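These notes concern the structure reproduced below.
The values are calculated or read from the model by the stated rules, or taken from the named source; none is laboratory data. Since the model is a prediction, treat every value here as computed from it, not as a measurement. In this analysis, Cβ positions are derived from the backbone assuming ideal geometry, glycine residues included, and neighbour counts consider all displayed protein chains.
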Amino acid sequence: MELTLVGLNHKTAPIALREEIAFAEAALPCALQTLRSEFGFGEAMIVSTCNRVEILVDNSKNGASGDQIEAFLSHYHGVNPVRFAPHLYTFRNDELVRHVFRVASSLDSMVPGEAQILGQIKQAYAIAQDAGTIGKLLTRLIPHAFYVAKRVRRETQVGTSSVSVSSVAVGGRTAGCGVQAGILTAQARRKKSIQCRIALHLRAIHILPPSEYQKEMTVRRRVGRHYAYAALSWDT
């Protein structure tokens with residue numbers, strides 16, 4: 001299988017860099033066409049969430065290397081590769097297949113077992129199909145990853161309960177340990193996410209822009225109340 005995957009995720013890059021390299025969903029068709037027309041990849045797919053950006057390409061025609069995909073990221077986002085290259089990983093052949101299966105099965109997620117990532121990969125695959133950048137290689141790999149992910153959830157304990165980044169945060173309210181509430185920093189544009197709305201409804205967390213967090217924590221320390229803090233990026 002002549003495929004190359006290059007990416008970064010919550011384990012290898014800080015959230016600020018991940019946001020800088022991320023692709024808006026509406027921008028994916030254009031980005032995929034750029035990979036094909038300007039960089040010569042016959043097949044391409046981009047998975048872009050808050051916790052990861054991964055680019056899958058067919059390297060059978062031009063012998064794709066990580067450097068070419070670095071060049072694409074730099075070209076598309078206008079970011080010097082020196083800033084993000086140390087945070088990238090590259091997979092090929094068996095390692096690539098294993099990685100794709102792990103990601104689809106939520107074994108590589110910030111919260112293992114969360115269900116959102118599979119839907120996000122399905123959406124990325126559908127967008128690439130519509131853009132005409134899915135061929136026989138990705139047609140073999142990605143649907144099989146969906147099959148593997150379903151088997152993992154069906155035949156193991158992964159995903160036996162409703163798990164997500166947000167449910168972990170909300171669950172912290174009732175987990176004992178003297179936690180009265182959680183304080184989450186989130187970009188203002190994420191306040192309308194389903195997870196945030198649920199958490200706010202349950203009064204389990206407060207949503208604060210990052211600029212307000214230090215001020216809020218200073219006040220809470222002064223009054224002697226104990227709160228838990230989690231800086232989470234939502235997979236929306």
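Brief remarks on what is shown
- Residue match in the range 47-70 (condition: within 15 Å of LEU96 (Cβ to Cβ) and of a type in the set (Asp, Glu)): yes
- Hits in the range 1-47 - residues which are among the polar types (S, T, N, Q) and in contact with a strand residue (DSSP E or B) (Cβ under 8 Å, 6 or more places away or on another chain): THR4, ASN9, THR12
- When GLU95, GLU38 are screened for being closer than 24 Å to HIS144 by Cα, of a type outside the set (Ser, Thr, Tyr) and assigned by TED's automatic domain parsing to the domain that holds LEU138, only GLU95 passes.
- The helices (runs of 4 or more DSSP H) found entirely in the range 27-121 that carry 2 or more residues being in contact (Cβ under 8 Å) with a residue 40 or more places away in the chain, within 20 Å of the chain's Cα centre (by Cα) and within 18 Å of ALA131 (Cβ to Cβ) are 28-37, 66-77.
- Of the residues making up the range 90-136, just one is under 15 Å from VAL6 (Cα atoms), touching a strand residue (DSSP E or B) at 6+ places or on another chain (Cβ under 6 Å) and of a type in the set (A, V, I, L, M), namely LEU96.
- Scanning the range 122-140 for residues that are polar (S, T, N, Q) and without any contact (Cβ under 8 Å) to a residue 24 or more places away in the chain, we see that the one that is nearest to PRO29 (Cα to Cα) is GLN129.
- Test: residue in the range 5-12 that is at pLDDT below 95, in a helix (DSSP H, G or I), of a type outside the set (S, T, N, Q) and crowded, with 16+ Cβ neighbours inside 10 Å: no
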